[in-house]
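Report on the structure given below.
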Amino acid sequence: ELPPGYSMFWKGEYDSTRSAQLSLVPGGVPAVVIMTIIIVALFNALRPSLIIALAIPFAVIGITAILLPTQTPFGFMALLGAMSLVGLMIKNSIVLIDEINANLKAGLDSYDAIVEAGMSRVRPVVLGAATTVLGVVPLLQDAFWISMALTIMAGLTVGTIITMILVPTLYATLYRVKSPGSRSVSEAETRVGET
């Protein structure tokens, strides 16, 4: 207990980081709304924006996996890196969903369109992520930028892998696309039921 007239409160680095992070909230909310509107307008549907929104949080796996072992704090610069990472993951997801839609317009079956899009977009998405990851490597030697560099590097690496697996899976789930094996079983059951 402190004598009368004395009090303790957090100040210094903690307080400045917290106030800097809170200052991003007023601009962050409209940015999320605008991005959502753009994605809905781009695909003319709600489900693609839902697929993208569900895939983004998984980048936290990569961020946590690098910041914890290196004992790097998730400060203001790391938060800026995470916000940049959200944009990069949205871009990768849009590329993948757009390719699925292009395959569907070309006449491919829904299942084949998803598989073909996943295979054909691996190279450009991975190369784009690799150039970004390698581009922030010089920032690792600077104490001010290291948290942002680590956040982008690890988050984008794990996020790219997750995007290439999770986005097609979520697409197939939300659009109720059945695999060829399950379709043949259900068709056989239908034929048996009809006879």
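The values are calculated or read from the model by the stated rules, or taken from the named source; none is laboratory data. On a predicted model such as this, the values are computed, not experimentally measured, just so you know. All Cβ positions, glycine included, derive from the backbone under ideal geometry; neighbour counts span all protein chains shown. Each accessible area value is taken on the protein alone, full model and side chains, heavy atoms only, with ligands, DNA and RNA left out. Shrake-Rupley method; radii C 1.70, N 1.55, O 1.52, S 1.80 Å.
Karplus-derived 3J(HN,Hα) values for the stretch 87-98, using 6.51 cos²θ - 1.76 cosθ + 1.60 with θ = phi - 60°, are x, 5, 5, 4, 4, 4, 5, 4, 4, 5, 5, 5 Hz; glycine and proline are entered as x. Among 101, 92, 44, the largest mean-square fluctuation in a Gaussian network model of the chain (Cα springs under 10 Å) belongs to 44.
Just order 149-156, 4-11, 78-85 by mean Cβ neighbour count inside 10 Å, highest at the front, would you? All intermediate terms of the calculation are to be shown ahead of the outcome.
Values: 149-156: 25.1, 4-11: 6.1, 78-85: 19.5.
So the peptides 149-156, 4-11, 78-85, ranked by packing, come out 149-156, 78-85, 4-11.
Eigenvalues of the alpha-carbon gyration tensor of the stretch 1-156, scaled by 5 and square-rooted, set the equivalent ellipsoid semi-axes at 39, 20, 12 angstrom, largest first. Rolling a 1.4 angstrom probe over the protein heavy atoms with all chains in place gives the stretch 26-184 an accessible area of 54 Å² per residue.
Give me the percent of accessible area attributable to carbon and sulfur for the stretch 79-152, probe 1.4 angstrom. Let's see the in-between values first.
Numbers: 2460 of 3790 Å².
Roughly 65 percent of what the probe reaches on the stretch 79-152 is carbon or sulfur.
For the stretch 154-169, backbone phi angles converted through the Karplus equation (6.51, -1.76, 1.60; θ = phi - 60°) give residue-by-residue couplings of 6, x, 6, 4, 5, x, 5, 4, 5, 4, 5, 9, 6, 4, x, 5 Hz, Gly and Pro being listed as x.
Peptides 117-123, 133-139, 157-163 ranked from most to least packed, by the mean per-residue count of other Cβ atoms within 10 Å: 157-163, 117-123, 133-139. Taking 181, 27, 107 as the candidate residues, the one with maximal mean-square fluctuation in a Gaussian network model of the chain, Cα springs under 10 Å, is 181. Each residue of the stretch 139-150 was assigned a 3J(HN,Hα) from its phi angle through the Karplus curve 6.51 cos²θ - 1.76 cosθ + 1.60 (θ = phi - 60°); the sequence is 6, 5, 7, 9, 5, 6, 9, 4, 5, 5, 4, 5 Hz, with glycine and proline shown as x.
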